[in-house]
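Chemist: A single structure is presented below for examination.
Values in this text are rule-based calculations from the coordinates and carry no lab data. For clarity, every value in this text was computed on a predicted model and none was experimentally measured. Virtual Cβ from ideal backbone geometry, glycine too; neighbours counted across all protein chains shown.
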Amino acid sequence: DAGVIQSPRHEVTEMGQEVTLRCKPISGHNSLFWYRQTMMRGLELLIYFNNNVPIDDSGMPEDRFSAKMPNASFSTLKIQPSEPRDSAVYFCASSLFAPPPDGEKLFFGSGTQLSVL
Amino acid sequence: ILNVEQSPQSLHVQEGDSTNFTCSFPSSNFYALHWYRWETAKSPEALFVMTLNGDEKKKGRISATLNTKEGYSYLYIKGSQPEDSATYLCASNGGAAGNKLTFGGGTRVLVKP
């Protein structure tokens with residue numbers, strides 16, 4: 001299996017521009033998570049989906065952030081307009097929505113390093 | 001919002017020594033406790049997912065224990081090697097499968113040759 005695939009790996013943009021991050025979860029996984037890593041706050045959950053349905057978006061910082069999961073194999077996280085304080089590493093992770101040991105374990109993508117100038 | 005805490009934040013270990021560190025989490029409404037290993041410039045990788053009080057998991061030289069009644073878990077590294085250098089994250093979700101997973105701040109381990 002290719003694992004969780006994120007793109008792009010790096011994104012440099014100017015303040016005010018729209019940024020779209022993409023994620024392809026592991027085939028068969030039905031939960032998808034977007035995390036943001038910063039020095040100040042560590043790894044924080046932005047939003048997660050179960051069976052393509054957003055369950056909890058309370059971690060999304062502002063209305064500038066939005067996430068979609070149109071089907072089981074694709075999700076996007078969009079920032080519009082972007083600001084310098086959005087600079088961080090954004091991770092996508094997927095898991096099987098089932099009790100352990102088969103379920104629950106998160107598989108992370110390689111992350112997108114976002115720099116907003 | 002779950003409060004998951006890890007201590008210490010960082011520790012240095014001499015190669016060959018064993019070490020352990022702690023994760024504390026709310027014991028009420030507990031469902032599962034996760035441990036992840038995060039090497040620099042990589043993404044976190046799952047080590048263990050534990051659910052039962054008294055559970056103990058082992059993977060090579062790394063093991064973990066779980067006490068759900070008092071809300072803590074220990075991660076042990078036996079005979080540390082330089083390749084064990086990483087940040088170790090724990091995370092907990094409460095209530096049920098598929099619930100929000102809250103991560104602790106991590107323990108950064110540096111194994112010195």
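Chemist: For peptide A:105-112, compute the average count of partner chain beta-carbon atoms within 10 Å of each residue's beta-carbon.
Modeler: 5
Chemist: Give the average, rounded to an integer, of partner chain Cβ atoms located within 10 angstrom of each Cβ in B:35-45.
Modeler: Numbers: counts 0, 5, 0, 3, 0, 0, 2, 3, 15, 9, 4.
Rounded to a whole number, the mean comes out at 4.
Chemist: With every atom except the alpha carbons ignored, what do you get for Rg and Dmax of the stretch A:35-83, in angstroms?
Modeler: Reported Rg and Dmax, both Å: 11.4, 33.
Chemist: Need one value for B:100-106: mean number of C-beta atoms belonging to other chains within 10 Å of its residues' C-beta atoms.
Modeler: 5
Chemist: If you don't mind, there's one more thing I want to ask. Going 7 Å from the Cα of B:TYR74 toward and past its Cβ, which residues in the stretch B:16-45 have a backbone nitrogen under 16 Å from where you end up?
Modeler: Only B:18-25 pass the distance filter.
Chemist: Taking every pair of distinct Cα atoms and averaging 1/r, then inverting, what Kirkwood hydrodynamic radius in Å comes out for chain A?
Modeler: 14.2
Chemist: Test of understanding: extend the Cα→C-beta vector of B:ASP55 to 7 Å, then name every residue of the stretch B:19-47 with backbone N under 11 Å from that spot.
Modeler: B:31-35
Chemist: Please give the FRET efficiency for B:THR65 paired with B:ASN3, using the beta carbon to beta carbon distance and R0 = 22 Å, rounded to the nearest 0.05.
Modeler: 0.60
Chemist: In the stretch A:68-117, if every C-alpha pair distance is counted and binned at 10 Å from zero, what percent goes to each bin?
Modeler: P(r) over the stretch A:68-117, rounded to whole percents: 21, 40, 28, 11, 1.
Chemist: Assigning unit charges at the beta carbon (Lys, Arg +1; Asp, Glu -1) and nothing else, what dipole magnitude in debye, to the nearest 20, does the protein assembly as shown show about its Cα centre? Write down the numbers at each step before the final one.
Modeler: Working: 21 positive and 23 negative charges, 59 e Å.
Approximately 280 debye in magnitude.
Chemist: Where does each of A:THR20, A:THR112 land when they are ranked from fewest to most other beta-carbon atoms within 10 angstrom? Provide the component values of the computation, followed by the final result.
Modeler: Values: A:THR20 14, A:THR112 21.
Going from least to most buried by this count: A:THR20, A:THR112.
Chemist: Another question about this same structure. With loop defined by DSSP as not H, G, I, E or B, and exposure as at most 13 other Cβ atoms within 10 Å, which is the longest segment of chain B clear of exposed GluC sites (Glu not before Pro)?
Modeler: Free of exposed loop sites, the longest segment is B:71-113.
Chemist: Using only C-alpha atoms and all pairs of different ones, pull out the Kirkwood radius for the protein assembly as shown in Å with one decimal.
Modeler: 18.1
Chemist: Here is a further query. Taking R0 as 25 Å, what FRET efficiency do you get between A:SER87 and B:GLU15 from their Cβ-Cβ distance, rounded to the nearest 0.05?
Modeler: Calculated transfer efficiency: 0.10.
Chemist: How big is chain B by Rg and Dmax over its Cα atoms, in Å?
Modeler: Gyration radius and largest Cα-Cα distance of chain B: 13.5, 43 Å.
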